[in-house]
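Quick one: the structure is below, questions incoming.
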Amino acid sequence: MSAVPFAYDVRFKAQFDLSNQEYSLSGTLRPQSLNELASCLGLLRDSINRVRGVFYVNVRRLSQMNNLAFHAFARVLLDASRDRPDLQFVIVTSSVVGWTTEKFGRLSRIQPAIKVQEYDANFYPGQSFLEEGGFIPVLRTQTKMTWRHERDILPRHGMRPGIYMADICCGIGDFAALVQREFTPARIVALDHSRSSLAYARRVASEFKISGIEYVYGDASEMLLEDNQFDLVTCRHSLQIFDRPALILKEMYRICKPGGRVYITNEKISQCLGEPRGESIQWTYNELSKLFTHFNMDLELGPKSRHYLMDAGFDDIRAESIMVTNLDGDPQDFADMIHAWENTFAGEMSQKRGDDPEFIEQFRKGFQDHIFAALHPKGYAGWPIWIASGRKPL
């Protein structure tokens, strides 16, 4: 994540997220001279040079922008669209801030390679797309938060360039795409049982010109993959949502090469924390653990990872834990993740269990208090992740 804050107006920020190929502007942008825009325009040009396929410019949190700023940004985008015919530009606006759609819509009339989408009316990678219980926005935001840690952790657990890798329960494909960019394995197979998630993954890979990932439809507990194929087999945040995780590990063991490694990540959700409002936050995550137990899922599996790997026959077990926090990058990322959790867990899942309105109101409040802690100037919010890997014996 690259970011440029502005000293003359602390309410404004420009930043670039390579994983989503998205440059975003937020706050109030009313410069008095072009010199005040030099840093953010430089970041915009640099961001464009780093992407392929589709480049997103997110202005949905831009509350004000004067004509000087608009024309300066418009010039960079129009010039780049002519210099990069291989690139499609998508400006993401909001119907809540109506002027952005109208103003930036002028660019699409000048240059067909520039399109405008209202994020609350159209789907695009990186924003909420509610499908299959709302997990797409949850997974995208989670991966964005954990990747800052995992990119440094993965080499300790067998990741290196040129390997054969399988990502099991790949979901919407974010992790496989990030691995392909960062580590360039010789082969990646990404398997999931959701056809719609795989379609989403293929779409994102196509738009971002990411090649070399084989998306496969299949059951993780009975995979149609040959024995002893992969140097590294990964499964992130998925064993915890199956009632028989040992079956998944048995299959991962089977397709892993002797001497290769299986890498898993899981949570202990009751240990999510935040201050201020810590008691409310703690109550909600204790209840969240119980909610998942009701549906035969174990969000407390994280610390159990080591014994699961040993029971599956792996040796050389490596285990560590991380605390993903609001201080890892933009605190708004953490807040967005918790907001997605609230919508899914205190919404559809809690209602499906038959919880009464009073419970749901208190349940939601804990998530909202976690968001408050994440965004508070003196606040701290954390989400613990357990990471473990094991070697398949030679």
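Taking every DSSP beta bridge with both residues inside the chain, roughly what % is antiparallel (nearest 5)? Working shown, then result.
Working: 29 of 65 bridges.
Bridges in the chain are about 45 percent antiparallel.
Would you kindly calculate the translational diffusion coefficient of region 311-394, applying Stokes-Einstein with the Kirkwood radius from alpha carbon pairs, for 25 °C and a viscosity of 0.890 mPa s, and quote it in µm² s⁻¹ without decimals?
On the way: Rh = 15.2 Å.
The Stokes-Einstein estimate is 162 µm²/s.
Okay, next question. Rounded to whole Å, give me the distance from the Cα center of region 74-107 to that of region 200-263.
38
Measure nothing fancy, just the Cα-based angle from helix 38-49's long axis to the longest principal axis of the chain, in degrees from 0 to 90, nearest 10.
That helix lies at roughly 50 degrees to the long axis.
Would you be so kind as to identify which of Gly329, Leu154, Ala113 lies farthest towards the positive end of the dipole of the chain, taking Lys and Arg as +1 and Asp and Glu as -1 on Cβ and the Cα centre as origin?
Ala113
Note the angle between two axes, namely the Cα long axis of helix 357-375 and the longest principal axis of the Cα atoms of the chain, as a number of degrees from 0 to 90, rounded to the nearest 10.
Its long axis makes an angle of about 60 degrees.
GNM, the chain, Cα, under 10 Å: largest mean-square fluctuation among Ala186, Ala335, Ala220?
In this elastic network of the chain, the residue with the biggest mean-square fluctuation among Ala186, Ala335, Ala220 is Ala186.
Once you sort the root eigenvalues of the Cα gyration tensor of region 250-299 as a ≥ b ≥ c, which label holds: rounded (a/c under 1.5), prolate (a/b larger than b/c) or oblate (the other case)?
On the way: a/c = 8.82, a/b = 2.34, b/c = 3.77.
Because a/c hits 1.5 or more and a/b fails to exceed b/c, region 250-299 counts as oblate.
Probe radius 1.4 Å, ligands and nucleic acids ignored: give me the carbon and sulfur share of the accessible area of the chain as a rounded percent. Intermediate results must be reported in sequence, preceding the final value.
Values: 8420 of 17100 Å².
Its accessible area is 49 percent carbon and sulfur atoms.
Sort region 189-278 into rounded, prolate or oblate with this rule: let a ≥ b ≥ c be the square roots of the eigenvalues of the Cα gyration tensor; rounded if a/c is under 1.5, and if a/c is not under 1.5, prolate when a/b is larger than b/c, oblate otherwise. Write out the running numbers ahead of the final one.
Working: a/c = 1.99, a/b = 1.26, b/c = 1.58.
Oblate shape, in that a/c is at least 1.5 and b/c is the bigger or equal ratio.
Could you please put Asp355, Asp311 in sequence from largest to smallest accessible area, using a 1.4 Å probe? Display every interim value, and only then the final one.
Numbers: Asp355 35, Asp311 120 Å².
Greatest to least solvent exposure: Asp311, Asp355.
By how many degrees, between 0 and 90 and to the nearest 10, does the Cα long axis of helix 67-83 differ from the longest principal axis of the chain?
With both axes taken from Cα atoms, the answer is about 60 degrees.
Here's something else I'd like to know. Given 37 °C and 0.692 mPa s, how large is the Stokes-Einstein diffusion coefficient of region 141-233 in µm²/s, with Rh as the Kirkwood radius over Cα pairs? The partial results should precede the final answer.
Details: Rh = 13.4 Å.
Translational D for this selection: 244 µm²/s.
State in Å² the accessible area per residue of region 276-383; use a 1.4 Å probe, count heavy atoms of protein chains only, and round to the nearest integer. It would help to have the intermediate numbers written out before the result.
On the way: 5140 Å² over 108 residues.
With the other protein chains kept in place, region 276-383 gives 48 Å² per residue.
Dividing the Cα convex hull volume of region 347-394 by residue count, how many Å³ per residue is that?
Working: hull volume 6.3 nm³, N = 48.
Here the figure is 132 Å³ per residue.
Moving on. Could you name the lysines whose alpha carbon sits less than 28 Å from that of Lys290, not counting residues in the same chain fewer than 8 places away?
Within reach: Lys144, Lys250, Lys268, Lys304, Lys352, Lys365.
Next question, about the same structure. Can you list residues whose amide H is under 5 Å from Leu62's amide H, if they're 5+ apart or on another chain and H is modeled 1.01 Å from N?
Counting only residues 5 or more places away or on other chains, the set is Gly27.
Rounded to the nearest 500, what is the chain's calculated 222 nm mean residue ellipticity when only DSSP H runs of at least 4 contribute -39500 (n - 2.57) each, over all residues? It would help to have the intermediate numbers written out before the result.
Details: 12 runs with 155 residues, N = 394.
Only helices count here, giving -12500 deg cm²/dmol.
For the chain, what's the relative contact order in percent, using C-alpha pairs closer than 8 Å and at least 6 residues apart?
Values: 757 pairs, mean separation 50.3, N = 394.
It rounds to 13 percent for the chain.
About its Cα centre, how strong a charge dipole does region 317-394 have in debye, to the nearest 20, once Lys and Arg get +1 and Asp and Glu get -1 at the Cβ? Don't skip to the answer; put the middle values down first.
Working: 8 positive and 12 negative charges, 110 e Å.
With Lys and Arg at +1 and Asp and Glu at -1, about 540 debye.
Quick one: what Rg and Dmax do you get for region 252-394 from the alpha carbons, in Å?
Final numbers for Rg and Dmax: 17.5, 56 Å.
The values are calculated or read from the model by the stated rules, or taken from the named source; none is laboratory data. Keep in mind the model is a prediction, meaning the values are calculated, not measured. Glycine also receives a Cβ, built like all others from the backbone with ideal geometry; neighbour counts cover every protein chain displayed. Only protein heavy atoms, including side chains, enter the accessible area calculation; ligands, DNA and RNA are left aside. Shrake-Rupley method; radii C 1.70, N 1.55, O 1.52, S 1.80 Å.
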